[in-house]
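The values are calculated or read from the model by the stated rules, or taken from the named source; none is laboratory data. Owing to the predicted nature of the structure, the values given are computational and were not obtained by experimental measurement. Cβ placement follows ideal geometry from the backbone for every residue including glycine, while neighbour counts extend to all protein chains displayed. Ligands, DNA and RNA are stripped out before the accessible areas are found, and what is left, the full protein with its side chains, is counted by its heavy atoms. Shrake-Rupley method; radii C 1.70, N 1.55, O 1.52, S 1.80 Å.
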Amino acid sequence: MQQPHGGAYSEASWQTPRPPEPAQALPVAGGLETAGSQKKDKNRGKKLDQRGVVGMNSMSHWSALRFLFYVGTRLTQLVVAIVCIGYLAQSRKQRPTEGGDVTERNTEIAVFVVGGVTAGTHSLRAGFSGDYAPIHSSTLKTKFTFSSSGIITRTVGHTLHNTVVESEEELEMRLVEHFRDVYRRDLLVDARTRKVAIVESALAPVRLRLAVARVLLGNLRVPQLSFYPASVAALMTCGSVQAGLVIDCGHRTVSVTPVYEARALPPYATSTPLAGLALFDNLRGLLQNYARFIPASGKGDDVQCQDLLSDSVVTHVMTKMLLASPIALPEKMRANLGVVGRNECVLSDELVSFYESSSTCTGTATRLTIDTERCGRGLLLFPSWIRERAAEPLFSGDPAADHQSIPDAVVQCIGRVPVDTRRALIANVLVVGGVADLPGFRHRLLHDIVARLHRDSRWSALAADAALADESQAFAPSDRSWIGTSLAVAAKIGTVELSRDDFDGCTLPDWTAISQ
């Protein structure tokens, strides 16, 4: 046999026989199995069993660990996903509260509307019923008056807001902007999906109430309005008390409304214009006459504060630094008292001396750093008795302008109500409103009411029964009307309601309507 030439293969490899290739099974014709094919399949199954399930025996030790770790991770993720889905499903079905009961948020919104601007309201509060405090609270630096032509006009109190509303259309347009801003920024709900509860004063102008109703029902498309009297709502915060005198100390007017058997009695209500605006004017007049401004630069002498005080400075002093003096003014000195700055009223030297000698403040002078447009930053220095005597006209009256004091308005209201209700009313005197937030205001007012009852022989027998309705003062006086309405709505206490379909744009339920 001829030998191959030397090349890539050696002679040893050429002489080694090649192993025979395994015979491949031919397909069975017609899909029929023969005895030979069944034997081959059985042998193939034995070989698979010898290698192990899914080739585990042929895998290395490290590859087997990786495979087991992968399977375990996937199983753990599946278990965690099932647990999370079950927890979310259970939390959607029930929402536990502190008391353990399942409750849902009420569908109504309690809104403290500017319904009594002329009656004294100076702010807007809004929030959800059932809450303990309003979510939104804003100050409306304007006042509304009614001209002889029937047009609502918004004028200016000093320089608080330098605009004038000359028609009802413009008033509604401004109210729409304000309410939409409240819904968009604070309430965060669609106005068309929630009912609205309005707290209103008994002395609120009907035209202004109509403007608010047109805005809410016509423009914002709220489904329903509910009207709650502010005096009854405020008295609800005292618990089971159903009779009392509610003294609402607002911005422009202080109203005294009797409430008997949980019903307001507006025909017997009295009012006085000595309210928050009178306090603001009196404080400004006292600071202009008795305060001094010391420039921070040290250049020049001290200057008077005739034209240096801005509204923001006076408002800061009024809301942060004032208090009511516990010492009443003697009767002989009240003839010279009035709102400083109005009707050319000035304080006598005798009255100033009494204020200085009866002051309960720790220091004789109060210092406040302010910024002015004309003189820049400086120090405002004024006597400390101004802080506790600025509210004195509210307790003693303004004889120059013929305005009665708040105690006189209370006694006048007691004289109007029926005889059998007087003792129950005077035993629960509730003071609400922004002015009532002054420290010591409520107790000083009660002291002056008792003294005023003693001076008149007709009411001296009622002086021993006079008392405040809520001594604990659990709620702020300025929030009581809103909180009472929130409680009333949450407790499903019914009141006068008006749906969107029933409102014709001209008629509102009102206690002054003869048909009602």
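Given the conditions (1) over 17 Å from T485 (Cβ atoms); (2) open to solvent by 10 Å² or more (accessible area, probe 1.4 Å), report the number of the one that A211 does not fulfil.
Unmet condition: (2).
Since L487 meets every condition but one in (1) in a helix (DSSP H, G or I); (2) closer than 23 Å to A197 by Cβ; (3) open to solvent by less than 40 Å² (accessible area, probe 1.4 Å); (4) not basic (K, R), which condition does it not meet?
For L487, the failing item is (3).
Evaluate the following for A197: is it modelled with pLDDT of 85 or more, within 25 Å of the chain's Cα centre (by Cα) and surrounded by 19 or more Cβ atoms within 10 Å (Cβ to Cβ)? Outline the logic, then answer.
Details: modelled with pLDDT of 85 or more: yes; within 25 Å of the chain's Cα centre (by Cα): yes; surrounded by 19 or more Cβ atoms within 10 Å (Cβ to Cβ): yes.
Taking the combined requirement at face value, the residue satisfies it.
Mind checking whether some residue in the range 250-272 is closer than 21 Å to A467 by Cβ, out of contact with any Ser or Thr (no Cβ under 9 Å at 6 or more places or on another chain), among the aliphatic types (A, V, I, L, M) and outside any strand (DSSP E or B)?
Looking through the range 250-272, at least one residue is closer than 21 Å to A467 by Cβ, out of contact with any Ser or Thr (no Cβ under 9 Å at 6 or more places or on another chain), among the aliphatic types (A, V, I, L, M) and outside any strand (DSSP E or B).
Spot the failing condition for A436; the list is (1) assigned to a strand (DSSP E or B); (2) touching a Cys at 6+ places or on another chain (Cβ under 6 Å), and only one is missed.
With respect to (1) assigned to a strand (DSSP E or B); (2) touching a Cys at 6+ places or on another chain (Cβ under 6 Å), A436 is out only on (1).
Pairs under 8 Å by beta carbon, first residue within 16 Å of Q404 (Cβ to Cβ) in the range 246-264, partner surrounded by fewer than 24 Cβ atoms within 10 Å (Cβ to Cβ) and among the basic types (K, R), six or more apart or different chains?
Sorted first by the residue in the range 246-264, then by its partner, the pairs are R252/K143.
Take the conditions touching a Gly at 6+ places or on another chain (Cβ under 6 Å) and hydrophobic (A, V, I, L, M, F, W, C) and apply them to A490. Does it pass?
Yes: the conditions hold for A490.
From the list R452, R458, R480, which one is at pLDDT 85 or above, farther than 20 Å from G127 by Cβ, among the charged types (D, E, K, R) and crowded, with 17+ Cβ neighbours inside 10 Å?
Details: R458 fails: crowded, with 17+ Cβ neighbours inside 10 Å; R480 fails: farther than 20 Å from G127 by Cβ.
It is R452.
Could you check S472 against (1) small (G, A, S); (2) farther than 25 Å from S325 by Cβ; (3) modelled with pLDDT under 85 and say which number it fails?
Failing condition for S472: (2).
Surrounded by 15 or more Cβ atoms within 10 Å (Cβ to Cβ), out of contact with any Asp or Glu (no Cβ under 9 Å at 6 or more places or on another chain) and assigned to a loop (DSSP other than H, G, I, E, B) - does that describe any residue in the range 505-512?
Yes; the residues of the range 505-512 include at least one that is surrounded by 15 or more Cβ atoms within 10 Å (Cβ to Cβ), out of contact with any Asp or Glu (no Cβ under 9 Å at 6 or more places or on another chain) and assigned to a loop (DSSP other than H, G, I, E, B).
Filtering the range 243-299 down to residues that are open to solvent by less than 30 Å² (accessible area, probe 1.4 Å) and aromatic (F, W, Y), which residue is farthest from the chain's Cα centre (by Cα)?
Of everything passing the filter in the range 243-299, F293 is farthest from the chain's Cα centre (by Cα).
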